[in-house]
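The values are calculated or read from the model by the stated rules, or taken from the named source; none is laboratory data. A quick note: this is a predicted structure, and the numbers were derived from the prediction, not measured. Note that we place each Cβ from the backbone using ideal geometry, even for glycine, and neighbour counts take in every protein chain shown. These area figures cover heavy atoms from the full protein model, side chains too; ligands, DNA and RNA do not enter into them. Shrake-Rupley method; radii C 1.70, N 1.55, O 1.52, S 1.80 Å.
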Amino acid sequence: MTDGVNRQILLVEKPAGKLGPQHFEMRQATIPEPRDGEALVRVRYISLDAANRAWMHGATYRAAVEANTVMAGGGIAEVVSSRAAELAPGDIVFGDIGWQDFAAVRARHLTKLARIEPMTYLLSVYGIAGLTAYFGLLDVGRPKSGETVVVSAAAGSVGSIVGQIARIKGCRVVGIAGGKDKCNWLMSELGFDAAVDYKDGAVFKALKAAAPNGIDVYFDNVGGDILEACLSQMNNGGRIACCGAISQYDGVPSASGPRGVPGLIVVKRLIMQGFIVMDYMDRRDDALRDLQSWVASGKLKVQEDIVEGLENTPQALIGLLAGENRGKRMVRV
Ligand SMILES: NC(=O)c1ccc[n+]([C@@H]2O[C@H](COP(=O)([O-])OP(=O)(O)OC[C@H]3O[C@@H](n4cnc5c(N)ncnc54)[C@H](OP(=O)(O)O)[C@@H]3O)[C@@H](O)[C@H]2O)c1
């Protein structure tokens, strides 16, 4: 951060193929003045999410990110000054504050948060990642003790929490992740029962060995071929929680969907349900109570991957899409 200057990272061009550093530019602007109903916030941590890339394709559950605008992104910020009754200087908030040092944001678009240590937990286990894992697994996947739960992007921010909650609920847990090291880490550190390295080829066969009794719940973060491999190994009455489709985000999405839809869904009486975590915010406090008690008792380990410096945000997102991260990736501004 520099005196009186607001560094901002713009998306200067929407990528047609893979995202690269050439799609971003940093500029220096003046620090904005908040208007009535707004607060001026100083950004502390920017959340890096696979969805950041999906927003470049077009409107999703939010508007598309357009070229030559400040790159959108959620984050944790501190209120510097406020022209809204509900916020005061020093408050800690979460919101879509963008890739920049400062933002003037309507107070009703910010969520005031309790100050906790470490503050980064507000973005990881007690933030969108933890809540997505919690509601997606427990409400959509509805695992029962003894069932087999499979999760993809298992070493990522959402996936690593999904697998641990499934273990807490007494399930057999299989993670799918890229590379031997990540797979070993899932088993040795996070207590997964088995892990499949999808980069090692033959996912179907490896999955069959890792989940010999079939799959009862599949928490899908990636879509594509991995979804296809899981679909065909679902048990009757199984549930697929559709959380995201990372394999389709960076580049041109594949023209064909996974085979077996809808045939396998019919024959195996599957429930396949998409969800958006924002729809569960009225139950946020209940989820946080559970997550906090699991963290306090050591049953839920928090894995964070903190990149230093606003200027490194583009590369941090490019790296996340390539699988560099373990757990929740964020940038300390
Ligand atoms: N529905 C909701 O409300 C909601 C909310 C938040 C997030 N999400 C979704 O949750 C998922 C996880 O997102 P995140 O932001 O937490 O990211 P993340 O899991 O922390 O990181 C992304 C990971 O995806 C893996 N990956 C990348 N390309 C892949 C491919 N082609 N096939 C398989 N795996 C691939 C990489 O790990 P490997 O090394 O294993 O490849 C990478 O580390 C995304 O689908 C996101 O859209 C949904």
Notebook entry, point to check: Under 5 Å between amide H atoms, partner at least 5 residues away or on a different chain: which partners does Ser152 have, H built in plane at 1.01 Å?
Noted result: Ile176, Phe219, Asn221
Note to self: So if I place +1 on the C-beta of Lys and Arg and -1 on the C-beta of Asp and Glu, and nothing else carries charge, what would the dipole magnitude of the chain be about its Cα centre? I want it in debye, nearest 20.
What the structure shows: 860
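So, with a 1.4 angstrom probe, what is the percent of accessible area on region 119-213 that is carbon and sulfur?
Values: 1640 of 3330 Å².
Accessible surface attributable to carbon and sulfur in region 119-213 totals 49 percent.
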Check: What percent does the relative contact order of region 1-148 come to when contacts are Cα pairs within less than 8 Å and at least six residues apart?
Finding: 24
Item checked: Reciprocal mean inverse distance between Cα atoms of region 221-333 - Kirkwood radius, Å -> 17.2
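Considering all projection directions equally, how large on average is the shadow of the alpha-carbon convex hull of the chain, in square nanometres? If you can, show how the numbers build up before the last one.
Details: hull surface 65.9 nm².
That works out to 16.5 nm².
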Checklist line | Per residue solvent-accessible surface (Å²) - the chain, probe of 1.4 Å | finding: 44
Note to self: Let me see the P(r) profile for region 146-213: every Cα-Cα distance counted, bins of 10 Å, each bin given as a percent of all pairs.
What the structure shows: 25, 59, 16, 0
Notebook entry, point to check: Toward the positive end of the charge dipole of region 66-110, about the Cα centre and with charges on Cβ (Lys, Arg +1; Asp, Glu -1), which of Gly74, Gly95, Ala85 goes farthest?
Noted result: Ala85
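Quick check: residue separation of Gln28 and Phe204 times 0.36 nm, minus the Cα distance between them. What number comes out in nm? The partial results should precede the final answer.
On the way: separation 176, 0.36 × 176 = 63.36 nm, distance 4.97 nm.
Taking 0.36 nm per residue and subtracting the Cα distance, the gain is 58.4 nm.
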Item checked: Cα pair distances of region 52-133 binned at 10 Å [whole percent] -> 16, 44, 33, 7
Notebook entry, point to check: Once label points are set 7 Å from the Cα along Cα→Cβ at both Val12 and Glu117, what is their separation, rounded to one decimal in nm?
Noted result: 4.2
Check: To the nearest µm²/s, what D does Stokes-Einstein give for region 37-173 at 10 °C and 1.306 mPa s, using the Kirkwood radius over alpha carbon pairs as Rh?
Finding: 96
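Using +1 on the beta carbon of Lys and Arg, -1 on that of Asp and Glu, and nothing else charged, what's the dipole of region 211-314 about the Cα centre, debye to 20? Write down the numbers at each step before the final one.
Working: 9 positive and 14 negative charges, 131 e Å.
Approximately 640 debye in magnitude.
Rounded to whole Å and sorted largest first, what semi-axes of the equivalent ellipsoid does the C-alpha gyration tensor of region 196-257 yield via the square root of 5 times each eigenvalue? If you can, show how the numbers build up before the last one.
Working: eigenvalues 84, 42, 16 Å².
So the equivalent ellipsoid measures 20, 15, 9 Å along its semi-axes.
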Notebook entry, point to check: For Lys199, what accessible area in Å² do you get when you roll a 1.4 Å probe over the heavy atoms of the protein chains, rounding to the nearest 10?
Noted result: 120
